[in-house]
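One structure is given below, encoded as structure tokens.
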Amino acid sequence: MQEKEKKKNHFLDLLKGIACIGVVFGHALFPGQFGYFVLTAATGMVPIFFLISGYYSYQASQEKLLLKTKRKEKHIAMITGGVLGLYLLWMLLRVLLRKKAFSTIVHVINVRSVVKFLVLNDTTMFDGGHLWFLLALLYCYIALYIIGRFQLMKFTYPVIAIAFVLRIFAVSCGNWHYSQNFWVDGFPYFFLGYYLREHSERYAKVKSNLCVGLAIGGFLFSEIANMGGVFPFRLNIYEIGTILMAISLFVYAIKNPEIGENSFLEKIGRNYSMFVYIVHVIVLQAITDYEGIILKSIPTWYLWIKPILVVCLTLLLAMLFDKRKGVYRKLFHLYEYNSVYGL
């Protein structure tokens, strides 16, 4: 069973491909209500990355768990440090090119921002708010090591439900820093993935059609609830649908690993998803900095094309880097392969 589960799961790779493109569309928004429609869907795909990482972190042996988790900690820490350094250099380059005022950097880098960085994984002071994911993932592996070291997993599982409830309240605050961090996003999804691997018999008899139905139902619920005016609650309950959609899609992928084999989205998910996630904001900022010079005025048709342009340029960069041996393959490609197949 262990060896079988380490084989390629084509559908998980496909979901990663969809998720990373969805993240781009979530930052380079399409105009109008359609943009927020896509944003809500994209938000529901991000948890897939945490579920995958948690699922393939499972080890029956404590010794193997600690050894593997320690290796993952070092690897993610190296990626996180390198990426934050990259965004710091990019931010300074924009200052030199006069696309960003130096005073704004001084304003955002202070004691409060450092505390938010460490506690809430707020990486906006690096001009890369989306990088919270890497820091949250690092915290997940650190937590897993501590929990595994002191054999606290049975006490951890009940906290998952509490974290999901707190996430609904956090989303309702309207400040994404409270909802996109290790505590209410990384932790519950990561350890739920771990739980699903440890207790695979709990969902073995669940029909694939039921997973699809729940995923579609969760998606529709989140979209309708996020439109407002339909559910008379102050709580932003669309997150309930997001949680249901993410978990149902993940279980469906585990049960149907052959879907998406040899597809382009599978290749994106397997080889380029981490690169796209990390670099797309640099591409987006570069386009935004110079689009006014090239176009003089911004037409409506361009606003529809811009998100697609960001995706295409980021994928092109990923493919170019993938052809070169060196840092990219060492950091990104190997991480993606190992995190998915539990190596």
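Given the residues TYR203, TYR194, which is the only one that is under 20 Å from the mean Cα position of the chain (by Cα) and either open to solvent by less than 60 Å² (accessible area, probe 1.4 Å) or among the basic types (Lys, Arg) (or both)?
TYR194
Does the range 129-146 hold any residues that are open to solvent by less than 30 Å² (accessible area, probe 1.4 Å) and among the hydroxyl-bearing types (Ser, Thr, Tyr), and which are they?
The one that is open to solvent by less than 30 Å² (accessible area, probe 1.4 Å) and among the hydroxyl-bearing types (Ser, Thr, Tyr): TYR141.
Can you tell which of LEU152, LEU144 is farther than 20 Å from LEU51 by Cβ, of a type in the set (A, V, I, L, M) and in contact with a helix residue (DSSP H, G or I) (Cβ under 9 Å, 6 or more places away or on another chain)?
LEU152
Where in the range 15-121 are the helices (runs of 4 or more DSSP H), entirely inside, with at least 3 residues that are free of Cβ contacts under 8 Å to residues at least 40 places away in the same chain and open to solvent by 40 Å² or more (accessible area, probe 1.4 Å)?
Helices (runs of 4 or more DSSP H) meeting the threshold: 32-43, 62-96, 102-108, 111-120.
Would you point out which residue out of ILE216, ILE259, ILE247 is surrounded by fewer than 19 Cβ atoms within 10 Å (Cβ to Cβ), among the hydrophobic types (A, V, I, L, M, F, W, C) and part of a helix (DSSP H, G or I)?
Result of the check over ILE216, ILE259, ILE247: ILE216.
Report, by residue number, each residue of the range 169-191 that is open to solvent by 30 Å² or more (accessible area, probe 1.4 Å), assigned to a helix (DSSP H, G or I) and touching a helix residue (DSSP H, G or I) at 6+ places or on another chain (Cβ under 6 Å).
TYR178, the sole residue that qualifies.
What number of residues within the range 162-188 satisfy the criterion of being modelled with pLDDT under 95, touching a Lys or Arg at 6+ places or on another chain (Cβ under 8 Å) and under 13 Å from VAL119 (Cβ atoms)?
1
Please determine whether any residue of the range 275-282 is out of contact with any Asp or Glu (no Cβ under 9 Å at 6 or more places or on another chain) and either part of a loop (DSSP other than H, G, I, E, B) or over 22 Å from LEU29 (Cα atoms) (or both).
No.
State which residue pairs qualify: first residue in contact (Cβ under 8 Å) with a residue 24 or more places away in the chain and surrounded by 14 or more Cβ atoms within 10 Å (Cβ to Cβ) and inside the range 280-295, second residue part of a helix (DSSP H, G or I) and polar (S, T, N, Q) in any location, beta carbons under 8 Å apart, and separation of 6 or more residues or different chains.
Every condition considered, the pairs that remain are HIS280/THR314; VAL283/THR314.
The values are calculated or read from the model by the stated rules, or taken from the named source; none is laboratory data. It should be emphasised that the depicted structure is a prediction, and the values quoted were computed from it without experimental measurement. Note that each Cβ is placed from the backbone with ideal geometry, even for glycine, and that neighbours are counted across all protein chains shown. All accessible areas refer to the heavy atoms of the entire protein, side chains included, with ligands and DNA or RNA removed. Shrake-Rupley method; radii C 1.70, N 1.55, O 1.52, S 1.80 Å.
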